[in-house]
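Okay, so here's the structure we're looking at.
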Amino acid sequence: MLNKNLFGLLLCSTLFIVGFLINDNLSLYFNISGLLIVFSGTIAATLLSFKVEQLKIVYKVMTASYKRPIKREAEIINILIDLSIKSRIEGILSLQKEENETTILFLRRAIGCLVDGYGIEQIREILNTEMYFFK
């Protein structure tokens, strides 16, 4: 996802610079009053459309998606192995503590369903539905 964002930013910046070079009139692009109208209207529409709590959540999600490193497959496999060993030794309910500590949302939901006593088919259906909607 980050590579797509970087590519999009570079493409848009390049097209913007090409627009400067073609026209040679910088005043067409730097209209301060136009920028203020657009940005203030965007901020006002956002504040009118959503609750402040929702905007805080969006901010947290945006910052987390760019700051947190994505776990590699080997790390996730090691986490799953550790969780399976812990559940074998201490029981399924011991995973409740791990549910609150994990940073992987999908894994947190899976552990939560397991600890809450959902059946295998129910857990599979819940997680498949979540995967379908987040593709």
Next on the checklist: With angles folded into 0 to 90 degrees, how steeply does helix 2-23 sit against the dominant principal axis of the chain? Use alpha carbons for both and round to 10.
Outcome noted: 0
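Pairs on different chains or at least eight residues apart, Cα atoms closer than 20 Å: how many lysine pairs in the chain fit? Could the numbers behind the result be given before it?
Numbers: LYS4/LYS67; LYS4/LYS71; LYS4/LYS135; LYS51/LYS60; LYS56/LYS67; LYS60/LYS71; LYS71/LYS135; LYS86/LYS97.
For the chain, the number of qualifying lysine pairs is 8.
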Next on the checklist: For the chain, take the longest principal axis of its alpha carbons; what is the angle in degrees between that and the long axis of helix 105-115, to the nearest 10 within 0 to 90?
Outcome noted: 20
Checklist entry - How would you rank ARG109, ARG72, ARG124, going from fewest to most other Cβ atoms within 10 Å of each one's own Cβ? => result ARG72, ARG124, ARG109
Checklist entry - So what's the angle, to the nearest 10 degrees on a 0 to 90 scale, between helix 52-67 and the longest Cα principal axis of the chain? => result 80
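Where does the chain land at 222 nm, in deg cm²/dmol rounded to the nearest 500, when only DSSP H runs of n ≥ 4 count, each adding -39500 (n - 2.57), divided by all residues?
Details: 7 runs with 106 residues, N = 135.
Estimated from H runs of four or more residues: -26000 deg cm²/dmol.
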Checklist entry - With +1 on each Lys and Arg Cβ and -1 on each Asp and Glu Cβ, how big is the dipole of the chain about its Cα centre, in debye rounded to the nearest 20? => result 200
Checklist entry - For segment 8-49 and segment 68-124, what is the separation of their Cα centres, given in Å? => result 45
Item to check | Farthest positive-ward along the chain dipole, Cα basis, beta-carbon charges - from SER40, ASN100, ILE85 | outcome: SER40
Checklist outcome for this item: Projected area averaged over all directions for the convex hull of the alpha carbon atoms of the chain, nm², comes out at 12.4
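Any read-out appearing in this document is the output of simple, stated calculations on the displayed coordinates, not a laboratory observation. Computed from a predicted model, the values in this text were never measured in an experiment. Positions of Cβ are backbone-derived with ideal geometry, glycine not excepted, and every protein chain shown enters the neighbour counts.
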